[in-house]
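*Asks:* Dropping the structure in here first, questions after.
Just so it is clear, none of the values below were taken in a lab; they were calculated from the coordinates. Remember, predicted model here, so these are calculated numbers, not experimental data. All Cβ positions, even for glycine, are placed from backbone atoms using ideal geometry, and neighbour counts span all protein chains on display.
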Amino acid sequence: MPDTPQADVIVLFGGAGDLARRMLLPSLYFLDADGFLPDGFKVVATARGDMTRDEFLEMVKSDLTARPEGLDAAVWKRFAARTDYVAADATTEQGAAALKPHLEKAKAPIFYLALSPSLYGRVCVALAAAGLATDESRIVLEKPIGRDLETSRLINVSVGAVFDEERIFRIDHYLGKETVQNLIALRFANTLFEPLWNNLTVDHVQITVAETEGVGDRWPYYDEYGALRDMLQNHMLQLLCLVAMEPPADMEPDSVRNEKVKVLRSLRRFTRADVLNNSIRGQYTPGVVGGKQADGYEQERGQASNTETFVALRADIDNWRWAGVPFFLRTGKRLPERRTQIAIQFKGVPHSIFGGAAKDDLMANRLVIDLQPDEDIELLLMNKAPGLSHGGIRLQSLPLSLSLAKAYEGPGSRRRIAYERLLLDVIAGNSTLFVRRDEVEEAWRWVDGVADAWREAGLTPKPYAAGSWGPAGRLRAYRARGARLVRLISRCVRAGSAAWVRPPGADRGRAPCGRW
Ligand code: BG6
């Protein structure tokens, strides 16, 4: 939307909820601190809770004060002056009308729905009825957009009846993370990797999103979704798309999103037979995480449940570039460490010229992109081990390392909340980092296939102790190369992090899991 004016007000629906308090209001405050909010920009939070403006501001102030960055008095004064609170039920026309006085001068308002997706349609209807949905207004939708393809279509239709597609910003906060955007830079601002980025050179790709947190109080939402719909349908498939997509012609929203949709369309559908070889479901039981006793999911939930808190699966992209390259995706709650990582495992050398002991030293190159907790990129390369040894040279694998934290450390190098980037883009009307309707629906189509195949095969979640790396299981690795490698991969999944994706450097000098 090149001619889109800057937004002049943001209305946060669910403005006193967890997402608004932990992410959205702090992000707006930091944008204000850094001078990114346009002059006169207003923040209006709305929720059903009967609070006065002063009470609301007091709550936000204490949330900000409790953050590690602390509160800057001058910034707070400016931010508080532009912030208001309206107690209203935005699913009714009357509730939406209560917002009117705050939007009278607004030319391009943003409506941010930090609400249950089941309310999206009703809020849009109420906004239209109150005459607030204008040509320049835009709407931001939080994931999950639906629970499957059908429900996501219903939401998209009801929101689309009020807002044109280019005014709809479907947010996936992973796309706002610095290293995720850096993946685009790494691939398309360097000539180095692109010629290697295909099935001739890449052996497989691993994407891991490991969390130490459990589900806790969020179970009423989570129990209906599970790890497949909560994490894999959105965050992980977005990461997969950015790794796998063809170079877009430019960074225009549709250029990038067209390429992502092509990847999603090329994902091989799961069948009932595949699901047993290519996926693992798990659910945490009581255990110890970070030295502390942790409840199992069913204790938190208060009753037995068939919802998975862990999923690992092999995805195949049936296109020219990626045919035969498995993409292993893994995510889980209550795992031993918080780590989001993409590992591109290259193939080994076609022929080893190194004899003797050095023959076993050889490890294939690997590019490891760490998104959190640290933002690092490492390329593992083989080197000669220093010094003398009997029987010729020895080799070792060493990382060529780019630590973003170290490269940019110093005053003012605060690590940004992913929402800051995305809010700034909505204000400017740039939707490159937002998910288009066909993208979200293609992702659901594939995920529905996995869920259907699980159901048909009767695959229930296997228990794993909180603080472990998930249940034992098997993912078929290389169909063509037979059972030996299947065993290796299954050992990887069973053995946990040390074997699936090792923390960078941890496997120095030794191939993890025998081969990797
Ligand atoms: C959310 C999921 O979208 O992402 C949560 O609903 C998950 O279950 C969270 O914990 C993870 O986000 P991050 O940025 O902490 O990796």
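*Asks:* Compute the signed sum of charges (Lys and Arg +1, Asp and Glu -1) over the other residues within less than 9 Å, Cβ to Cβ, of PHE169. Before the final figure, lay out the partial values.
*Replies:* Working: positive: ARG138, ARG167, ARG170; negative: ASP425.
Local charge sum for PHE169: +2.
*Asks:* Find the Cα radius of gyration of segment 137-193, compare it with 2.2 N^0.38 Å by division, and give the number to two decimals. Mind dumping the intermediate values first?
*Replies:* Numbers: Rg = 15.6 Å, N = 57, 2.2 N^0.38 = 10.2 Å.
Rounded to two decimals, the normalised Rg is 1.52.
*Asks:* Indicate the gyration tensor shape class of segment 1-91 (rounded, prolate or oblate), computed on the Cα atoms with a ≥ b ≥ c the square roots of the eigenvalues: a/c under 1.5 is rounded; otherwise a/b larger than b/c is prolate and the rest oblate.
*Replies:* Working: a/c = 1.74, a/b = 1.07, b/c = 1.63.
Oblate, since a/c reaches 1.5 and b/c is not below a/b.
*Asks:* What range in the chain is the longest one free of GluC sites (Glu not before Pro) that are in a loop by DSSP and have at most 12 other Cβ atoms within 10 angstrom?
*Replies:* Answer from the scan: 214-408.
*Asks:* If one computes the Cα centroid of segment 70-103 and of segment 254-312, what distance in Å separates the two points?
*Replies:* 37 Å
*Asks:* Exactly which trypsin sites (Lys or Arg not before Pro) in segment 284-364 are in a DSSP loop and have at most 13 other Cβ atoms within 10 Å? Write down the numbers at each step before the final one.
*Replies:* Values: sites: LYS292, ARG301, ARG314, ARG321, ARG330, LYS333, ARG334, ARG338, ARG339, LYS347, LYS359; in loops: ARG321, LYS333, ARG334, ARG338, LYS347.
Qualifying residues, ordered by number: ARG338.
*Asks:* Nothing charged except the Cβ atoms of Lys and Arg (+1) and of Asp and Glu (-1): what's the magnitude of the dipole of segment 298-383 about its Cα centre? Round to the nearest 20 debye.
*Replies:* On the way: 11 positive and 13 negative charges, 46 e Å.
That gives a dipole near 220 debye.
*Asks:* Continuing with the same structure: Which lysines have a Cα less than 29 Å from the Cα of LYS384, not counting those fewer than 8 places away in the same chain?
*Replies:* LYS347, LYS359, LYS406
*Asks:* Can you pull a Stokes-Einstein diffusion coefficient for segment 336-452 at 10 °C (1.306 mPa s), Rh from Kirkwood over Cα pairs, as a whole number of µm²/s?
*Replies:* Numbers: Rh = 18.9 Å.
It comes out at roughly 84 µm²/s.
*Asks:* Let me ask something else. Relative to the Cα centre, what is the charge dipole magnitude of segment 128-255, using +1 at the beta carbon of each Lys and Arg, -1 at the beta carbon of each Asp and Glu, and rounding to the nearest 20 debye? Write down the numbers at each step before the final one.
*Replies:* Numbers: 10 positive and 22 negative charges, 30 e Å.
Dipole size: approximately 140 debye.
*Asks:* Do the sum for the chain: with -39,500 (n - 2.57) for every DSSP H run of n ≥ 4, divided by all residues, what is the mean residue ellipticity at 222 nm, to the nearest 500 deg cm²/dmol?
*Replies:* Working: 18 runs with 169 residues, N = 516.
After summing the helix terms and dividing by residue count, I get -9500 deg cm²/dmol.
*Asks:* Which three extents, in angstrom, do the Cα atoms of the chain have along their principal axes, listed largest first?
*Replies:* Cα extents, longest axis first: 82, 52, 48 Å.
*Asks:* Considering every Cα-Cα pair within segment 104-161, what fraction, in whole percent, is farther apart than 14 Å? Please list the in-between numbers first.
*Replies:* Numbers: 894 of 1653 pairs.
Of all Cα-Cα distances in segment 104-161, 54 percent exceed 14 Å.
*Asks:* Of LYS262/LYS333; LYS292/LYS333; LYS61/LYS333; LYS107/LYS177; LYS292/LYS462; LYS42/LYS77, which sit over 20 Å apart, Cα to Cα?
*Replies:* LYS262/LYS333; LYS61/LYS333; LYS107/LYS177; LYS292/LYS462
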